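Contents: one structure, followed by commentary.
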Amino acid sequence: MFPASGGARLGYRTTKAIRFAKHGCTNRPFYHIVVMEKRKSRQGHVIEQLGTFDPLVNVHGEKLCSINLDRATYWIGNGAHISLPCSILFGLAGLLPIHPSTYIKAWRNRKAATNAEGETESTSSS
């Protein structure tokens, strides 16, 4: 594997993309938020690492994420494409507008929580 800190040759006329590069192991994913050429594979040469994302919940119920917002805005300003998972994450971080799928997911979670709450009340009252 290539170093996550970068070091790939920078092609000047190629399309760049901000996306996740998967690290970690089986059943324990961990992602680096990276800038790389759009046509390269997910584990290809990285131009620059912008941050990290740990999708598994820790003991405090948090999913940890770190993003270098200065470098992310630099690459977005230079025309880098943003993958869907990164755009959702950047929306939650306040860098971009919140993605519509985030609202849909929150609405479904609230609906499921109220349904589960209603079912527990009906079973406890009987």
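Residues in the stretch 93-118 that are surrounded by 12 or more Cβ atoms within 10 Å (Cβ to Cβ) and free of Cβ contacts under 8 Å to residues at least 12 places away in the same chain: ILE98, LYS105. In the stretch 64-83, the residues that are closer than 15 Å to THR14 by Cα and open to solvent by 50 Å² or more (accessible area, probe 1.4 Å) reach residues that are of a type in the set (Ser, Thr, Tyr) and in a loop (DSSP other than H, G, I, E, B) with C-beta atoms within less than 8 angstrom, at least six apart or across chains, in these pairs: HIS81/THR15.
Residues that are within 14 Å of GLY51 (Cα to Cα) and among the aliphatic types (A, V, I, L, M) number at least 2 in the following helices (runs of 4 or more DSSP H) confined to the stretch 61-126: 69-77, 84-93.
The values are calculated or read from the model by the stated rules, or taken from the named source; none is laboratory data. For clarity, every value in this text was computed on a predicted model and none was experimentally measured. Ideal geometry is used to build each Cβ from the backbone, glycine not excepted, and the neighbour counts take in all protein chains shown. To get the accessible areas, we keep the full protein, side chains included, count just its heavy atoms, and leave off ligands, DNA and RNA. Shrake-Rupley method; radii C 1.70, N 1.55, O 1.52, S 1.80 Å.
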